[in-house]
1. If you take the residues in the stretch 98-113 that are open to solvent by 20 Å² or more (accessible area, probe 1.4 Å) and closer than 12 Å to residue 12 by Cα, which one is farthest from the chain's Cα centre (by Cα)?
2. Would you please name the residue that is modelled with the highest pLDDT, looking only at residues in the stretch 45-62 that are of a type outside the set (Gly, Ala, Ser), surrounded by fewer than 16 Cβ atoms within 10 Å (Cβ to Cβ) and outside any helix (DSSP H, G or I)?
3. Can you pull out the residues in the stretch 19-36 that are surrounded by 13 or more Cβ atoms within 10 Å (Cβ to Cβ) and either at pLDDT 95 or above or over 14 Å from residue 96 (Cα atoms) (or both)?
4. Return yes when residue 69 is part of a loop (DSSP other than H, G, I, E, B) and open to solvent by 60 Å² or more (accessible area, probe 1.4 Å) and no when it is not.
5. Could you identify the single residue in 28, 11 that is of a type in the set (Val, Ile, Thr), within 23 Å of residue 110 (Cα to Cα) and in contact with a strand residue (DSSP E or B) (Cβ under 8 Å, 6 or more places away or on another chain)?
6. When the stretch 11-25 is examined, which residues are found to be of a type in the set (A, V, I, L, M) and not in a helix (DSSP H, G or I)?
7. If I go through the stretch 30-50 residue by residue, how many of them are under 22 Å from residue 61 (Cβ atoms) and touching a residue at least 60 places away in the same chain (Cβ under 8 Å)?
8. From the list 39, 1, exactly one residue is open to solvent by less than 40 Å² (accessible area, probe 1.4 Å) and either modelled with pLDDT of 95 or more or over 16 Å from residue 100 (Cβ atoms) (or both). Which is it?
Amino acid sequence: MGLPGSPDFDVDIHKAKEMIENGEVDVVDVRTQFHAPAMPGADYVPLDEILARPGDVIPTGKPLLFICNVGQTSAVATQMARALNVTEAYNMAGGMTEWAEAGYETEEPPAGH
């Protein structure tokens, strides 16, 4: 499922879209600064909260897809989730920048984010 030469939890934007459309994952946006549009339906859990209180703020019950602007911050969140034995945690490589460039659905970030 991973991209060549990348960690096994990285998925490209096309695979991420497929996972979302099939209802396979909950989307968690870890950004505090938005340099790219937001994804409709995403939950917002800033990376600093994930690092400070991972057991309290990482959602459970369904596989997770972490997103950010370009896929770096979300990779850290994915690694933290995996460290807590959330085995079905994925990082959207390329982030919302590539997602938007592909023409996939976006929205403005919610107020306060």
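The values are calculated or read from the model by the stated rules, or taken from the named source; none is laboratory data. Remember, it's a predicted structure, so these values are computed and weren't measured experimentally. Counting neighbours? That spans all protein chains shown, and the Cβs are built from the backbone with ideal geometry, glycine included. These accessible areas exclude ligands, DNA and RNA; they are computed on the full protein's heavy atoms, side chains included. Shrake-Rupley method; radii C 1.70, N 1.55, O 1.52, S 1.80 Å.
1. 102
2. Among those residues, the one meeting the criterion is 53.
3. Answer for the stretch 19-36, where residues must be surrounded by 13 or more Cβ atoms within 10 Å (Cβ to Cβ) and either at pLDDT 95 or above or over 14 Å from residue 96 (Cα atoms) (or both): 19, 20, 24, 25, 26, 27, 28, 29, 30, 31.
4. Against the criterion (part of a loop (DSSP other than H, G, I, E, B) and open to solvent by 60 Å² or more (accessible area, probe 1.4 Å)), residue 69 does not qualify.
5. The unique qualifying residue is 28.
6. 11, 25, listed by residue number.
7. Counting residues in the stretch 30-50 that are under 22 Å from residue 61 (Cβ atoms) and touching a residue at least 60 places away in the same chain (Cβ under 8 Å) gives 3.
8. The conditions single out 39.
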